[in-house]
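These notes concern the structure reproduced below.
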Amino acid sequence: MYAQMIKSEASTDDPEKLKEFQAKIDANIKVEPRDWMPEGYRKTLIRQIGQHAHSEIVGQLPEGNWITRAPTLERKMILLAKVQDEAGHGLYLYAAAETLGVSRDDLTEQLLNGKMKYSSIFNYPTLNWADIGAVGWLVDGAAIMNQVPLQRTSYGPYSRAMIRVCKEESFHQRQGYDIMMKMAQGTDAQKKMAQDALNRLWYPSLMMFGPSDAESVHSTQNMAWKIKMNTNDELRQKFVDQTVPQAKYLGLTIPDEHLTWNEEKGGHDYSDPDWSEFFDVLKGNGPCNVDRLEARNKAWDDGAWVRDGLMAHAEKKKAQVAAE
Amino acid sequence: MSKEWPLWEIFIRGQHGLSHRHVGSLHAPDAEMAIKNARDVYTRRNEGVSIWVVEANNISASSPSEKGPLYEPSESKIYRHPTFFDIPDEVGHM
């Protein structure tokens, strides 16, 4: 998911207070920034929301790559609007994380020095225009699976950010599917490109949900705190079941020979992605890890004089007003 | 290391006739830039007709620990609501 494998922090707080806190969460009362919360809850949320925010920002790179090469002016404007949305999503999430007492620059620095992660999916390249369709359809589709339930998460600012994000996200998935429809109904060469994009992005999309965590202690704690709403397997299953008919409509084949409908469980059986590849990408060895971090570092360093200049101007103006 | 831009809280009037509502926050060097950024981030889909920005450290807030003394007294004063009073039907709409 946009936030993968979030470890929960152990809490060393007063057990009475912890009990009260859990009762509040069980009663679906939102936790707000200035309310008492366990240290573990705070730290886990910072890690999760921060990672989610970083994913939105780094996620602009594979798509931004195609803004200048979109096939028509309309497609270019649509893609531009989508990439702009992603910047907004990053902002909403950073702002939610800041309410937990971490600074924006702190979070940025931890992304830039590799201490904090972003979703594994953005370490894969977008090689051609069909990939932009597949990213919107599959990657945003997978993100929606996770973000819709997170609208009900226990932390107020995170929940409100998710509500805003979800309102905008379905435009993203539809624009992706629209590209896929055009390609799939196009020439043989275009159809081949669409199939090739699906072949390459299918398993990385399944990886977005993270490995099975049904047995994980962290997952259990995070679900009790309602900062994780479903297990990774539940969400992945939902994603597969939703995507299979969409692929069928396009006349494309999901690259999984074991994919079959299982009447008994009321869902599809499917093959797991190669988890060793997933862990390798997380470690920094994906096709684009180095490029992505370099691009973010360059943007931050090259923009420093603008940030400093605007701040100096604002301070000078303030001093002038004070002197008058 | 540069100095971080201050944090601003953003309020948007959704439609004519409604009051401004808090929609989120952002960083900006000054009020003018805060309004420009708020326009880019929070009004991309006809969400508003007017923007207020307030630097976050200028906001004073009530404390969560005062919830009881501040808001509980109003719970016991149900006569403040019109439905507390039974008015006979024959009186007509009131």
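The values are calculated or read from the model by the stated rules, or taken from the named source; none is laboratory data. Note that this is a predicted model, so its numbers are computed, not measured. In this analysis, Cβ positions are derived from the backbone assuming ideal geometry, glycine residues included, and neighbour counts consider all displayed protein chains. Ligands, DNA and RNA are excluded from the accessible area calculation, which covers all protein heavy atoms including side chains. Shrake-Rupley method; radii C 1.70, N 1.55, O 1.52, S 1.80 Å.
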Note to self: Quick check on region B:51-94: take the gyration tensor over C-alpha atoms, sort the square-rooted eigenvalues as a ≥ b ≥ c, and tell me if it's rounded (a/c under 1.5), prolate or oblate.
What the structure shows: oblate
Item checked: Whole-number percent relative contact order across chain A, with pairs defined as alpha carbons under 8 Å at least 6 apart -> 20
Notebook entry, point to check: Taking every residue in A:302-314, how many Cβ atoms of other protein chains lie within 10 Å of its Cβ, on average?
Noted result: 3
Checklist line | Segment residue A:272-residue A:81, length gained on full extension (0.36 nm per residue, minus Cα span) | finding: 65.4 nm
Notebook entry, point to check: Where q = 0.19, 0.26 Å⁻¹, what log10 of I(q)/I(0) comes from the Debye formula for region A:88-145, counting one point per Cα?
Noted result: -0.86, -1.07
Note to self: Only bridges whose two residues both fall in the protein assembly as shown count here: according to DSSP, what percent of them are antiparallel, nearest 5?
What the structure shows: 95
Check: For residue A:265, which lysines qualify as cross-link partners when the Cα separation must be under 16 Å and same-chain residues fewer than eight apart are set aside?
Finding: A:238
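Treating only the Cβ of Lys, Arg, Asp and Glu as charged (+1, +1, -1, -1), what charge dipole size does region A:1-131 show about its Cα centre? Round to the nearest 20 debye.
Once rounded to the nearest 20, the dipole reads 320 debye.
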Checklist line | Surrounding net charge for residue B:45, when Lys and Arg each add one and Asp and Glu each subtract one, Cβ distance under 14 Å | finding: 0
Check: How much accessible surface area, in Å² rounded to 10, belongs to the heavy atoms of residue B:25 with a 1.4 Å probe?
Finding: 10
Next item on the list: For chain B, just say rounded, prolate or oblate: build the C-alpha gyration tensor, square-root its eigenvalues into a ≥ b ≥ c, call rounded for a/c under 1.5, and beyond that prolate if a/b exceeds b/c, oblate if not.
Entry: oblate
Next item on the list: Please identify, among A:261, A:129, A:225, the residue showing maximal mean-square fluctuation in a Gaussian network model of chain A using a 10 angstrom Cα cutoff.
Entry: A:261
Checklist line | region B:7-61: C-alpha gyration tensor shape, a/c 1.5 cut-off, then a/b vs b/c | finding: oblate
Next item on the list: Would you tell me the accessible area of residue A:296, worked out with a 1.4 angstrom probe on the heavy atoms of the protein chains, in Å² to the nearest 10?
Entry: 60
Note to self: About the Cα centre, and with charges only on the beta carbon of Lys, Arg (+1) and Asp, Glu (-1), how big is the dipole of the protein assembly as shown? Nearest 20 debye, please.
What the structure shows: 940
Notebook entry, point to check: Cross-link partners among aspartates and glutamates for residue A:17, C-alpha distance below 13 Å, same-chain residues fewer than 8 apart left out?
Noted result: A:35, A:39
Check: Ignoring ligands, DNA and RNA, what accessible area per residue does the protein assembly as shown give at 1.4 Å, in Å²?
Finding: 53
Check: By a straight-distance test (C-alpha under 21 Å), which lysines pair with residue A:82 as possible cross-link partners, with residues fewer than eight away in the same chain excluded?
Finding: A:167, A:182, B:36
Item checked: Convex hull volume per residue for chain A, taking Cα atoms only, in Å³ -> 166
